[in-house]
Structure formats: C-alpha cells, structure tokens
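So the structure is just underneath, and the comments pick up after that.
The values are calculated or read from the model by the stated rules, or taken from the named source; none is laboratory data. What you see is a predicted model, and the numbers here were worked out from it, not measured in a lab. Cβ placement follows ideal geometry from the backbone for every residue including glycine, while neighbour counts extend to all protein chains displayed.
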Amino acid sequence: MLWALFEPGKLGRKARAILEDPTNEVLVSPLSYWEISLKYGLGKLVLPETDPSEIPGAAHQLGLLEEPLDPEILATFHRLPYAPDHRDPFDRLLVWHAIRRKHTLLSKDRAMPFFKAHGLNFEW
C-alpha cells in the first residue's frame, strides 16, 4: 500500500495493473494501518511528508477500501503453517486473511510461494 501511495514505480507490473483496473475492488486490512503506525512510532519507518494518521485518507483517495478483520479470522490464525525463515506476525495475518476470504494478496514477499500450497492467491 505504501508503494502504491508514495513509490508506484516499485510496484510489480501485475500489481500496478490490478490497482489501476477500475473494475477491481482493492481492499486494505486495518492491520496495515496499525503496522505502519507502530513502525513509524518506533522510528523504523519514515513517511514522505506525512504522518500515519493521514494514510487512511490517502488510501481512500486512491480508491482503496478497508475490509475489517473479524473474530473468525483472528481465532483461526493458529492454523496457518509457518514458512521457513518467515515468522512476521503482521505478514502472516495478512496471508491468513487473504486465504480465508479468498482474496488475492499483492505482495513481493519471497515467502508467498510457500503459502500458495495452503490456499493463498498472490500477485506481484
């Protein structure tokens, strides 16, 4: 999402096409906003001339919509197997959300092929 907002040149060709296609409904997990705010507050993320509180509005202007996490997603998260060398809880929850809701996840993360065998559809 941050690349779509601030550095669209970093997006993969397929990801850019998906985001630019007006017939696609592009969803953002509220977890992404939390992770951005957390990393910003810890000094691990620098945002160009903005603050995390402005990201949801910028995402809406880009046409991105939120899909809230529901209790079923959170309560069944333990079912997602761990990828070798990939234990990031934010990424794993995004993966599990996409699997459970049958969404396509846009991600450049090298661990995504591992999750494909567990039901993840992803593009980059």
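The set of residues in the stretch 52-71 being surrounded by 10 or more Cβ atoms within 10 Å (Cβ to Cβ) and farther than 23 Å from I18 by Cβ consists of P52, S53, E54, D70.
Residues in the stretch 9-55 that are in a loop (DSSP other than H, G, I, E, B) and either at negative phi or in contact with a Phe, Trp or Tyr (Cβ under 7 Å, 6 or more places away or on another chain) (or both): how many? Working first, answer last.
Start the filter on the stretch 9-55 by keeping residues that are in a loop (DSSP other than H, G, I, E, B), which leaves 11-12, 21-26, 29, 42-51.
Filter once more, so that each one left must be either at negative phi or in contact with a Phe, Trp or Tyr (Cβ under 7 Å, 6 or more places away or on another chain) (or both): 11-12, 21-26, 29, 42, 44-48, 50-51.
Going through the stretch 9-55 one residue at a time, the tally reaches 17.
Residue check: is G43 exposed (fewer than 12 other Cβ atoms within 10 Å of the Cβ), small (G, A, S) and at pLDDT 95 or above? Break it down stepwise before answering.
Working: exposed (fewer than 12 other Cβ atoms within 10 Å of the Cβ): yes; small (G, A, S): yes; at pLDDT 95 or above: yes.
When the stated conditions are applied, G43 passes them.
Output the residues belonging to the stretch 65-112 that are under 19 Å from L2 (Cα atoms) and of a type in the set (F, W, Y). Within the stretch 65-112, F90 is the sole residue that qualifies. Could you tell me which residue of the stretch 100-115 is surrounded by the fewest Cβ atoms within 10 Å (Cβ to Cβ), considering only residues that are of a type in the set (K, R) and over 20 Å from L74 (Cα atoms)? In this case the residue turns out to be R110.
To keep it simple, each residue is scored yes or no on (1) of a type in the set (A, V, I, L, M, F, W, C); (2) over 22 Å from L38 (Cβ atoms); (3) at pLDDT 95 or above.
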residue: E72; (1), (2), (3): no, yes, yes
residue: R79; (1), (2), (3): no, yes, yes
residue: D91; (1), (2), (3): no, no, no
residue: L105; (1), (2), (3): yes, no, yes
residue: F115; (1), (2), (3): yes, yes, yes
residue: G119; (1), (2), (3): no, yes, yes
residue: E123; (1), (2), (3): no, yes, no
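Note on the stretch 33-54: residues that are hydrophobic (A, V, I, L, M, F, W, C) and in contact with a Leu (Cβ under 7 Å, 6 or more places away or on another chain) amount to 1.
Annotation: of all residues in the stretch 23-33 being over 10 Å from the mean Cα position of the chain (by Cα) and in contact (Cβ under 8 Å) with a residue 24 or more places away in the chain, the one that is surrounded by the fewest Cβ atoms within 10 Å (Cβ to Cβ) is E25.
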